[in-house]
1. Keeping every protein chain present and rolling a 1.4 Å probe, give me the accessible area per residue for the chain in Å².
2. Kindly provide log₁₀ I(q)/I(0) values, in the same order as q = 0.17, 0.19, 0.21 Å⁻¹, from the Debye equation applied to equal alpha-carbon scatterers of region 1-141.
3. Any idea what diffusion coefficient region 274-328 gets from Stokes-Einstein, in µm²/s, Kirkwood Rh on alpha carbon pairs, 37 °C, 0.692 mPa s?
4. Can you give me the solvent accessible area of His13 with a 1.4 Å probe, rounded to the nearest 10 Å²?
5. Given DSSP loops and a limit of at most 12 other Cβ atoms within 10 Å, what is the longest stretch of the chain that contains no such trypsin sites (Lys or Arg not before Pro)?
6. Given the C-alpha atoms of the chain, compute the convex hull and give its volume per residue in Å³.
7. So how far apart, in nm, are the two label points at Ala200 and Ser176 if each is 7 Å from Cα heading toward Cβ?
8. Volume per residue, Å³, of the convex hull around the alpha-carbon atoms of region 77-189?
Amino acid sequence: MQAAVIDAYRQPHPTLKQVPRPQIRPNDVLVRIVAASINPIDLKTKDGGLKMLLKYDLPLIMGSDFAGTITAVGSAVHDFAVGDAVFGRVQKDRIGTFAEYLAVDQGDIARKLRNLSFEEAAALPLVGLTSYQALHDIMALQPGQKVLIQGGSGGIGTIAIQLAKHLGAYVATTTSPANFDLVKSLGADLIIDYHTTNFADVLTDYDAVFDTRGGQTLADAFQIIKPGGQVVSIAGLPNARFGKAYGVAWWKRLAFGWVTRQLTRLEKQHHATYTFLFMQPSGAQLTQLAQLVEAGSVTPVIDRVVPFSLINQALDYSHAGQAVGKIILKIAESEAD
Ligand SMILES: NC(=O)c1ccc[n+]([C@@H]2O[C@H](COP(=O)([O-])OP(=O)(O)OC[C@H]3O[C@@H](n4cnc5c(N)ncnc54)[C@H](OP(=O)(O)O)[C@@H]3O)[C@@H](O)[C@H]2O)c1
């Protein structure tokens, strides 16, 4: 099968090459992939930026999100059958969705709804699960609470705004003027142009901040948070609490604690909680997200669909950081196409 492979960390682009089809385990299904979506983590993985948390043997097939059709099932799979259209986000140690076929655990997939295209389904898993875990599982947002979502026009932001509105929250977001109409249409109540305005100068008394930027933007989030509020970051640094929950070695926990000492100080000073979130795949949560899509509460936003042969252009576009919603790779035609 054809796959996008990296042979060494930091190589400029993956190589499209022929590799053997993956073998399935008893709990796996084999999926013929129709569409996959690009996420910033794909590039971070390629460049070795996540080695403290994720270790891979090279060569490695890139890619985390996919939608496609099951072509074989393992001996312990009873809830899915050959021909089912499914989508998912693979476990972090089993990436490889930029390929024609993928072996994936049945626990990490959900059925694709008929009213969702394969491209839309592939747009959903990583950003949908991350947003759900941040806003629902960690923040437990309640109706009327105020949340700031950084980067409202990105892959995460476009889903997170819709989920926060679904949970009944008041949503502020940051983006560029060109994206104001989009984020308003997704439900944002207050829009800040991050080029001209520092959110910390205009927002106060927020129950929660969903940080997608890290660095100074993350540190500034504590200025607007209420006592008892929550700052959840997916782009900042993992702290010692995360290291313990993630089960990393003691010396890494110490290192995490040291590099996040400013955030720990800010937590105490503002009586807030800082959580670093590293999303977890979950077929069950994907099924819940699919129901929200079916109910019209959440709609995936797609920036562009790019043929698999042009993957390197698509990765460069992602790297530029200006995508509005998701970049989709079209791997194959679906039988319905
Ligand atoms: N820890 C985890 O589990 C996890 C999971 C998912 C994602 N992430 C991380 O979360 C981050 C965001 O992911 P993503 O998929 O949303 O990325 P993305 O789709 O590439 O984000 C692109 C968007 O960011 C906006 N943007 C750029 N600079 C900005 C700024 N300073 N303030 C506000 N918006 C800005 C751009 O809008 P403009 O054109 O208006 O600039 C663009 O629409 C990435 O670093 C990713 O690795 C982590």
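The values are calculated or read from the model by the stated rules, or taken from the named source; none is laboratory data. Please read these numbers as outputs of a predicted model, since none were measured by experiment. FYI the Cβ positions are ideal-geometry reconstructions off the backbone, even for glycines, and counts take in every protein chain you see. All accessible areas refer to the heavy atoms of the entire protein, side chains included, with ligands and DNA or RNA removed. Shrake-Rupley method; radii C 1.70, N 1.55, O 1.52, S 1.80 Å.
1. On the way: 14610 Å² over 337 residues.
I get 43 Å² per residue for the chain.
2. -0.95, -1.14, -1.31
3. Working: Rh = 13.7 Å.
Translational D for this selection: 239 µm²/s.
4. About 60 Å², ignoring ligands and nucleic acids.
5. Values: sites that count: Arg10, Lys51, Lys55, Arg114.
Between exposed loop sites, the widest span is 115-337.
6. Values: hull volume 44.5 nm³, N = 337.
Residue-normalised Cα hull volume stands at 132 Å³.
7. The two pseudo-label positions are separated by 2.4 nm.
8. On the way: hull volume 15.9 nm³, N = 113.
Convex hull volume per residue, Cα atoms: 141 Å³.
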